[in-house]
Amino acid sequence: MKPTVAVVGRPNVGKSTLVNRIIGRREAIVQEQPGVTRDRKSVDTDWAGREFTLTDTGGWLAGGIALDRQVSKQAERAIADADLILFIV
């Protein structure tokens, strides 16, 4: 089984841009408007000779409106499932 890497952080810190850069193509949606990524997106990839599953997440916020809480729960699930967590600031 391939290891899983979760990319997490607050909204609009560049998580999806980093995911696209690592996988070498545009899979994750990137926009200047915060809150575009709302669900997890996992992509199998390889980098530097290593195969793994990379998971992009929506922005994690403590509190917030109901939608923000749902997005944060998805990020927390990705964290729980991950072998490695990249926390982007």
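Since every read-out is calculated from the coordinates, none of them should be taken as a lab result. Only a predicted model underlies this, so the values are computations on that prediction, with no experimental measurement involved. Cβ: placed from backbone, ideal geometry, glycine included. Neighbour counts: every protein chain shown.
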What does the extension gain come out to for residue 79 and residue 62, with contour length at 0.36 nm per residue minus their alpha carbon separation? 4.6 nm
Projecting the Cα atoms of 78, 53, 16 onto the charge dipole of the chain, where Lys and Arg contribute +1 and Asp and Glu -1 at Cβ, the residue farthest towards the positive end is 16
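Residue separation times 0.36 nm, minus the C-alpha to C-alpha distance between residue 48 and residue 86: what's the value? Mind dumping the intermediate values first?
Working: separation 38, 0.36 × 38 = 13.68 nm, distance 1.67 nm.
Gain on stretching residue 48 to residue 86: 12.0 nm.
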Expressed as a whole-number percentage, the relative contact order of the range 4-88 with C-alpha contacts under 8 angstrom and at least six residues apart is 42 percent
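Exposed loop sites here are trypsin sites (Lys or Arg not before Pro) in DSSP loop states with at most 13 other C-beta atoms within 10 Å. What is the longest stretch of the chain lacking them?
Values: sites that count: 25, 26.
The segment 27-89 is the longest one with no such site.
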Of the listed values [x] 41, 27, 19; [y] 72, 33, 17; [z] 64, 23, 22, grab the one calculated as Cα extents along the principal axes in Å from the structure here. [x]
